[in-house]
Amino acid sequence: MLTGNLWMVDSTGWVVIINALVASAVLVGLGRFLARGRLTSGVPEGRQVFGEFAINFFIKKAREMSDAHDRAKIVGTVTPFLGTFFFFILLCNLFAFLPVPVVNRPPTSFFSATLALALCAVFGNLLLAARFKGPGGAIKHLFWPNPLQWVSEVTDVLSLSLRLFGNIGGEYMTIVLVAAAVPVGIPLIIHVLGLIPSFVQAFVFTLLTASFLAGAIHHEEREEKARRHWFGRRRSEPATRS
Amino acid sequence: MNPVFIALVAIIPIAAGAVAAAFAMRHISVTALEGMTRQPEIAPQLFTAMLIGMALVEALAIYTLVVTLVIAGKIVV
């Protein structure tokens, strides 16, 4: 097959491992570069602006799933968790745009890599839930209120990994097959179209991990408060609110 | 088995999955666009929710793609 084996490590599997290592190295180096120098809590300047812009969205997502009393703990733990997924998957996806024939295989076009990422996401969610609610709360979430709720964790692994693998692997196969058929001109258009799933799939993986995590670490009293808030608001007349 | 027969069988799930996912995605994007034009101030939240919904629908099409890849892997040339 022209595109190599999609499921297991074969003769071109080393490319995938080296690309993932290069992506990790780039991510770590970029993070250390952005965090270097004087960091201020006031008006940022220079590279701190870029760093804060990059993680601002994840801070917002983490704030949405926290209360006032545990906000610092949740934001400090969840933001790096989500940001690492987004930027690592994005860098891995962008390997498809290198103009070198064998090296341009993105690690996420490989089912083992995406399965590993999805397992990291789901087990990381469990560990974070155990940290915020205690181990009993995390295990209770798997069996209560629905005793079969642990099945959804298994299907989360499958759906996260298969979605990422299908999108990026399909994009990579399209690029390779089109470049084999028409070597000049047309692959450029396919590359530009391929930028969209690269960003969207990294974003979607992170968003779904965040929503699973928000479901895993929510508290009963917070849910009760939200229910009273919403139903009380509906009973009161809506015209008094803006 | 005949490789042509396997290829013809492998086409069926991806075609059905793509058609169904196209209808579902049309519904999602039309509804989200209507909401965005009616209330532009909540457009970012709607866009995020639209992306999540589209990803969930797209996962079904991707499952059929995986089934197609598995069937196509049986072709021995």
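The values are calculated or read from the model by the stated rules, or taken from the named source; none is laboratory data. Since we're looking at a predicted model, the values are computed, not measured. Positions of Cβ are generated from backbone atoms using ideal geometry, with glycine treated the same way; all protein chains shown enter the neighbour counts.
Among the residues in the range A:131-139, are any of a type in the set (Val, Ile, Thr) and within 14 Å of chain B (Cβ to nearest Cβ)? No, the range A:131-139 contains no residue that is of a type in the set (Val, Ile, Thr) and within 14 Å of chain B (Cβ to nearest Cβ).
A search for C-beta distances below 9 Å between a residue of the range A:32-59 that is closer than 18 Å to A:Phe81 by Cβ and surrounded by 12 or more Cβ atoms within 10 Å (Cβ to Cβ) and any residue that is hydroxyl-bearing (Ser, Thr, Tyr) and modelled with pLDDT of 85 or more, counting only pairs 6+ apart in sequence or on different chains, returns A:Ile55/A:Thr79; A:Phe57/A:Thr206; A:Phe58/A:Thr79; A:Phe58/A:Thr206; A:Ile59/A:Thr79. For a quick check of your reading of the model, give me the residue pairs whose first member lies in the range A:99-115 and is touching a residue at least 60 places away in the same chain (Cβ under 8 Å) and among the small types (Gly, Ala, Ser), whose second is in a loop (DSSP other than H, G, I, E, B) and surrounded by 12 or more Cβ atoms within 10 Å (Cβ to Cβ), with beta-carbon atoms closer than 9 Å and at least 6 apart or on different chains. Listed by first residue and then by second, the contacts come to A:Ser109/A:Thr3; A:Ser109/A:Leu6; A:Ser112/A:Trp7; A:Ser112/A:Val9; A:Ala113/A:Pro106. For the range A:163-177, does any single residue satisfy the condition of being over 20 Å from the mean Cα position of the chain (by Cα), small (Gly, Ala, Ser) and either more than 27 Å from B:Ile52 (Cβ to Cβ) or within 11 Å of another protein chain (Cβ to nearest Cβ) (or both)? No, the range A:163-177 contains no residue that is over 20 Å from the mean Cα position of the chain (by Cα), small (Gly, Ala, Ser) and either more than 27 Å from B:Ile52 (Cβ to Cβ) or within 11 Å of another protein chain (Cβ to nearest Cβ) (or both).
Tell me whether the range A:227-239 contains one or more residues that are in a loop (DSSP other than H, G, I, E, B), away from chain B (no Cβ under 11 Å), at pLDDT below 90 and more than 24 Å from the chain's Cα centre (by Cα). Full working, then the answer.
Residues of the range A:227-239 that are in a loop (DSSP other than H, G, I, E, B), as a first pass: A:236-237.
Now restrict to residues that are away from chain B (no Cβ under 11 Å): A:236-237.
With the extra rule that they be at pLDDT below 90, the set shrinks to A:236-237.
Next cut, more than 24 Å from the chain's Cα centre (by Cα) only: A:236-237.
Among the residues of the range A:227-239, at least one is in a loop (DSSP other than H, G, I, E, B), away from chain B (no Cβ under 11 Å), at pLDDT below 90 and more than 24 Å from the chain's Cα centre (by Cα), which makes the answer yes.
Any residue that is away from every other protein chain (no Cβ under 14 Å), of a type outside the set (Gly, Ala, Ser), within 25 Å of A:Ser161 (Cα to Cα) and exposed (fewer than 13 other Cβ atoms within 10 Å of the Cβ) - is there at least one of those in the range B:26-45? Within the range B:26-45, one or more residues are away from every other protein chain (no Cβ under 14 Å), of a type outside the set (Gly, Ala, Ser), within 25 Å of A:Ser161 (Cα to Cα) and exposed (fewer than 13 other Cβ atoms within 10 Å of the Cβ).
Going by the conditions given, is A:Ala180 crowded, with 16+ Cβ neighbours inside 10 Å and either under 24 Å from A:Leu30 (Cα atoms) or in contact (Cβ under 8 Å) with a residue 24 or more places away in the chain (or both)?
Details: crowded, with 16+ Cβ neighbours inside 10 Å: no; either under 24 Å from A:Leu30 (Cα atoms) or in contact (Cβ under 8 Å) with a residue 24 or more places away in the chain (or both): yes.
For A:Ala180, the condition - crowded, with 16+ Cβ neighbours inside 10 Å and either under 24 Å from A:Leu30 (Cα atoms) or in contact (Cβ under 8 Å) with a residue 24 or more places away in the chain (or both) - is not met.
Keeping to the range B:46-75, report how many residues are assigned to a loop (DSSP other than H, G, I, E, B) and within 11 Å of another protein chain (Cβ to nearest Cβ).
Pass one, the range B:46-75, residues assigned to a loop (DSSP other than H, G, I, E, B): B:73-75.
Next, from what is left, pick out any that are within 11 Å of another protein chain (Cβ to nearest Cβ): B:73, B:75.
Number of matching residues: 2.
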